[in-house]
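To start, the structure under review is shown below, and the notes come after it.
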Amino acid sequence: GTTVHLYFPKGTAAPRPPRVTPAGTRARQGGATILLIEDDDGLQRTARRVLEHLGYNVLVAGDGAEGLATFRARRAEIDLIISDMVMPGLTGAQVYEAVRRDSAEVPFLLSSGYQERPDQTVEVPAGVRVVPKPWTIDELARTVREELGEAPERNNGPESG
(Lines give C-alpha, C1' and ligand atoms only; values in the text may rest on other atoms or scores of the structure.)
Protein backbone atom coordinates (compact mmCIF):
# COMPACT_ATOMS: atom_id res chain seq x y z
CA GLY A 1 0.00 0.00 0.00
CA THR A 2 2.63 2.59 -0.92
CA THR A 3 1.45 5.80 -2.52
CA VAL A 4 3.88 7.90 -4.51
CA HIS A 5 3.17 11.47 -5.57
CA LEU A 6 5.27 13.18 -8.22
CA TYR A 7 5.20 16.97 -8.52
CA PHE A 8 6.58 18.71 -11.58
CA PRO A 9 6.89 22.46 -12.15
CA LYS A 10 4.09 23.77 -14.33
CA GLY A 11 5.10 24.93 -17.81
CA THR A 12 8.83 24.36 -17.42
CA ALA A 13 10.27 22.12 -20.13
CA ALA A 14 13.47 20.28 -19.40
CA PRO A 15 16.29 21.53 -21.59
CA ARG A 16 17.26 19.12 -24.31
CA PRO A 17 20.97 18.34 -24.22
CA PRO A 18 22.87 19.21 -27.41
CA ARG A 19 23.57 16.34 -29.76
CA VAL A 20 27.25 15.56 -29.50
CA THR A 21 29.20 13.43 -31.94
CA PRO A 22 32.05 11.61 -30.18
CA ALA A 23 35.51 12.89 -31.08
CA GLY A 24 36.82 11.40 -34.30
CA THR A 25 33.52 9.91 -35.46
CA ARG A 26 32.36 12.33 -38.14
CA ALA A 27 30.98 10.68 -41.23
CA ARG A 28 33.34 10.51 -44.18
CA GLN A 29 32.53 10.69 -47.86
CA GLY A 30 33.24 7.62 -49.99
CA GLY A 31 34.06 5.37 -47.06
CA ALA A 32 35.51 1.89 -47.06
CA THR A 33 33.32 -1.20 -47.36
CA ILE A 34 33.00 -3.37 -44.27
CA LEU A 35 31.61 -6.90 -44.19
CA LEU A 36 29.82 -7.32 -40.85
CA ILE A 37 29.14 -10.93 -39.81
CA GLU A 38 26.87 -11.04 -36.75
CA ASP A 39 24.19 -13.58 -35.83
CA ASP A 40 22.40 -11.41 -33.23
CA ASP A 41 19.87 -9.26 -35.09
CA GLY A 42 19.93 -6.43 -32.56
CA LEU A 43 23.72 -6.19 -32.50
CA GLN A 44 23.82 -6.47 -36.28
CA ARG A 45 21.40 -3.53 -36.68
CA THR A 46 23.26 -1.43 -34.12
CA ALA A 47 26.72 -2.08 -35.56
CA ARG A 48 25.46 -1.44 -39.08
CA ARG A 49 23.94 1.91 -38.08
CA VAL A 50 27.07 2.98 -36.24
CA LEU A 51 29.35 2.03 -39.11
CA GLU A 52 27.11 3.70 -41.70
CA HIS A 53 26.97 6.84 -39.54
CA LEU A 54 30.77 6.83 -39.55
CA GLY A 55 30.67 6.90 -43.35
CA TYR A 56 31.37 3.27 -44.16
CA ASN A 57 29.49 1.08 -46.64
CA VAL A 58 28.29 -2.03 -44.81
CA LEU A 59 27.51 -5.51 -46.11
CA VAL A 60 25.85 -7.77 -43.55
CA ALA A 61 25.72 -11.51 -43.05
CA GLY A 62 23.82 -13.39 -40.36
CA ASP A 63 26.28 -16.26 -39.88
CA GLY A 64 29.73 -17.45 -40.82
CA ALA A 65 28.72 -19.39 -43.93
CA GLU A 66 26.78 -16.42 -45.32
CA GLY A 67 29.67 -14.12 -44.46
CA LEU A 68 32.19 -16.33 -46.23
CA ALA A 69 29.93 -16.57 -49.29
CA THR A 70 29.51 -12.77 -49.33
CA PHE A 71 33.27 -12.31 -49.04
CA ARG A 72 33.95 -14.69 -51.91
CA ALA A 73 31.32 -13.04 -54.13
CA ARG A 74 32.35 -9.44 -53.37
CA ARG A 75 35.98 -9.62 -52.20
CA ALA A 76 37.12 -6.80 -54.49
CA GLU A 77 34.79 -4.38 -52.66
CA ILE A 78 35.59 -5.41 -49.08
CA ASP A 79 38.16 -3.39 -47.14
CA LEU A 80 37.57 -4.90 -43.68
CA ILE A 81 35.73 -7.85 -42.13
CA ILE A 82 34.24 -7.68 -38.64
CA SER A 83 32.98 -11.05 -37.44
CA ASP A 84 31.30 -12.25 -34.29
CA MET A 85 33.45 -14.91 -32.69
CA VAL A 86 30.79 -17.34 -31.48
CA MET A 87 28.08 -18.20 -34.02
CA PRO A 88 26.18 -21.30 -35.03
CA GLY A 89 27.93 -23.19 -37.83
CA LEU A 90 31.20 -21.51 -38.77
CA THR A 91 32.80 -19.54 -35.94
CA GLY A 92 34.53 -16.24 -36.50
CA ALA A 93 37.90 -18.00 -36.23
CA GLN A 94 36.89 -20.49 -38.94
CA VAL A 95 35.76 -17.64 -41.20
CA TYR A 96 39.08 -15.91 -40.57
CA GLU A 97 41.05 -19.04 -41.52
CA ALA A 98 39.01 -19.49 -44.72
CA VAL A 99 39.45 -15.82 -45.68
CA ARG A 100 43.20 -16.06 -45.07
CA ARG A 101 43.39 -19.10 -47.37
CA ASP A 102 41.56 -17.04 -50.03
CA SER A 103 43.18 -13.63 -49.51
CA ALA A 104 45.74 -12.69 -46.86
CA GLU A 105 45.36 -8.95 -47.41
CA VAL A 106 41.90 -8.17 -45.98
CA PRO A 107 42.01 -6.75 -42.43
CA PHE A 108 39.93 -8.81 -40.01
CA LEU A 109 38.44 -8.01 -36.60
CA LEU A 110 36.70 -10.42 -34.26
CA SER A 111 34.04 -9.32 -31.82
CA SER A 112 33.26 -11.34 -28.72
CA GLY A 113 31.50 -11.03 -25.41
CA TYR A 114 33.17 -14.17 -24.10
CA GLN A 115 36.65 -12.80 -23.41
CA GLU A 116 35.96 -12.41 -19.69
CA ARG A 117 33.95 -15.61 -19.18
CA PRO A 118 35.93 -18.58 -17.88
CA ASP A 119 33.08 -20.96 -18.77
CA GLN A 120 33.59 -20.27 -22.48
CA THR A 121 36.70 -21.24 -24.40
CA VAL A 122 37.22 -18.77 -27.21
CA GLU A 123 40.39 -19.27 -29.19
CA VAL A 124 41.53 -16.20 -31.08
CA PRO A 125 43.83 -16.75 -34.06
CA ALA A 126 47.28 -15.22 -33.65
CA GLY A 127 47.51 -11.62 -34.82
CA VAL A 128 43.75 -10.97 -34.88
CA ARG A 129 42.37 -8.07 -32.85
CA VAL A 130 39.25 -8.56 -30.79
CA VAL A 131 36.68 -5.83 -30.17
CA PRO A 132 35.13 -6.84 -26.84
CA LYS A 133 31.36 -6.73 -26.46
CA PRO A 134 29.75 -4.60 -25.39
CA TRP A 135 31.71 -2.02 -27.35
CA THR A 136 31.18 1.72 -27.32
CA ILE A 137 30.84 3.80 -30.48
CA ASP A 138 34.26 5.35 -29.79
CA GLU A 139 35.91 1.94 -29.30
CA LEU A 140 34.41 0.54 -32.49
CA ALA A 141 35.24 3.67 -34.49
CA ARG A 142 38.83 3.81 -33.24
CA THR A 143 39.47 0.10 -33.83
CA VAL A 144 38.00 0.19 -37.35
CA ARG A 145 40.05 3.28 -38.26
CA GLU A 146 43.22 1.64 -36.94
CA GLU A 147 42.61 -1.59 -38.86
CA LEU A 148 41.97 0.39 -42.05
CA GLY A 149 45.09 2.48 -41.49
CA GLU A 150 43.10 5.71 -41.29
CA ALA A 151 44.32 8.67 -39.29
CA PRO A 152 41.91 9.81 -36.59
CA GLU A 153 39.82 12.79 -37.61
CA ARG A 154 39.60 15.86 -35.44
CA ASN A 155 36.13 17.06 -34.49
CA ASN A 156 36.25 20.78 -33.81
CA GLY A 157 32.49 21.27 -33.83
CA PRO A 158 29.50 20.29 -35.92
CA GLU A 159 30.29 22.65 -38.80
CA SER A 160 34.07 22.40 -38.90
CA GLY A 161 35.81 20.61 -41.69
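Listed values, structure above:
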{"item": "Selected residue (criterion: modelled with the highest pLDDT) from residues of the range 112-161 that are open to solvent by less than 60 Å² (accessible area, probe 1.4 Å) and among the polar types (S, T, N, Q)", "result": "143"}
{"item": "Complete set of residues in the range 65-83 that are in contact with a Gly (Cβ under 6 Å, 6 or more places away or on another chain) and open to solvent by 10 Å² or more (accessible area, probe 1.4 Å)", "result": "65"}
{"item": "Residue tally, condition over 19 Å from the mean Cα position of the chain (by Cα) and within 19 Å of residue 128 (Cα to Cα), over the range 76-89", "result": "0"}
{"item": "Of all residues in the range 44-64 being open to solvent by 40 Å² or more (accessible area, probe 1.4 Å) and assigned to a helix (DSSP H, G or I), the one that is farthest from residue 142 (Cα to Cα)", "result": "45"}
{"item": "Selection count, the range 75-101, where residues are in a loop (DSSP other than H, G, I, E, B) and free of Cβ contacts under 8 Å to residues at least 12 places away in the same chain", "result": "1"}
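Conditions (1) under 19 Å from residue 33 (Cβ atoms); (2) aliphatic (A, V, I, L, M), marked per residue:
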{"site": "51", "(1), (2)": "yes, yes"}
{"site": "59", "(1), (2)": "yes, yes"}
{"site": "62", "(1), (2)": "yes, no"}
{"site": "77", "(1), (2)": "yes, no"}
{"site": "112", "(1), (2)": "no, no"}
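The values are calculated or read from the model by the stated rules, or taken from the named source; none is laboratory data. Model, not experiment: these values are computed from the prediction. Here Cβ is always computed from backbone atoms with ideal geometry, including for glycine, and neighbour counts include all displayed protein chains. Calculation scope for accessible area: heavy atoms of the full protein, side chains included, ligands and nucleic acids excluded. Shrake-Rupley method; radii C 1.70, N 1.55, O 1.52, S 1.80 Å.
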